[in-house]
Amino acid sequence: AQKVTQAQTEISVVEKEDVTLDCVYETRDTTYYLFWYKQPPSGELVFLIRRNSFDEQNEISGRYSWNFQKSTSSFNFTITASQVVDSAVYFCALPGSGNTGKLIFGQGTTLQVKP
Amino acid sequence: DVKVTQSSRYLVKRTGEKVFLECVQDMDHENMFWYRQDPGLGLRLIYFSYDVKMKEKGDIPEGYSVSREKKERFSLILESASTNQTSMYLCASSLWGTGGDTVVGYTFGSGTRLTVV
């Protein structure tokens, strides 16, 4: 069965610190996608990244970077030089089996960045 | 700007009431979804729909039903609200596709925080 685990419930850092959010997944699919979403206090989930299992290269977008390790079934997300605006709940997700279109979400990690 | 709009941001209802949560999307997406978000549990799928008048149960459909009479609108119905249905409800829509492509353009609404007293 598809499963996503985000073991870190809450993380608190001081501005400018680097922080890594962990994501471990289980899937029976041989090819799959993985996602990260950000949920700021406004409530709307904001898409951050989609990664295909074929591509194990790390990805960097500004202060955000993602480390995909197929061997350990992990897709970790690092924020460099964190800012107060990064405070949010972050979700890792992967599609459900078959062509249902649904996403399976992790429990979410609440990140608090203090000034 | 493309959008998924949920009619209410906050809602307070009494136990036993019939509750309607409305969701409208303007992207002509085939797929629409209702998720429930609870602390420590992430988002869990309640129901989804591939097309007008079609619906499929998600992981936690008990106590809920849905209606999709028009492509752009997907309603979640709590037949008889109970306190354990107090939660944040999120609607989403996406394009039709296969596997990970089904989540291309996956767009969420801002959520409805429902409190049942």
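Here are the numbers for the structure shown:
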quantity	calculated
Filter result (assigned to a loop (DSSP other than H, G, I, E, B), touching a residue at least 12 places away in the same chain (Cβ under 8 Å) and closer than 30 Å to B:Y47 by Cβ) within the stretch A:60-99	A:S73, A:G96, A:S97
Subset of the stretch A:33-73 that is within 10 Å of another protein chain (Cβ to nearest Cβ) and of a type in the set (F, W, Y) - its residue that is surrounded by the fewest Cβ atoms within 10 Å (Cβ to Cβ)	A:F47
Any hit, the stretch A:10-19, residues being among the polar types (S, T, N, Q) and within 12 Å of another protein chain (Cβ to nearest Cβ)	no
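Residue by residue, here is whether (1) among the β-branched types (V, I, T); (2) more than 22 Å from B:L90 (Cα to Cα) holds:
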residue	(1), (2)
A:I49	yes, no
A:N52	no, yes
A:E56	no, yes
A:I60	yes, yes
A:W66	no, yes
A:S73	no, yes
A:I79	yes, yes
A:S82	no, yes
A:A93	no, no
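A quick yes/no check of all residues on (1) over 11 Å from the mean Cα position of the chain (by Cα); (2) modelled with pLDDT under 90:
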| residue | (1), (2) |
| --- | --- |
| A:S65 | no, no |
| A:N76 | no, no |
| A:V85 | yes, no |
| A:F91 | no, no |
| A:P95 | yes, yes |
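The values are calculated or read from the model by the stated rules, or taken from the named source; none is laboratory data. Here the structure is a predicted model, which is why all the values come from computation and not from measurement. So basically every Cβ, Gly included, is an ideal-geometry build from the backbone, and we count neighbours across all protein chains shown.
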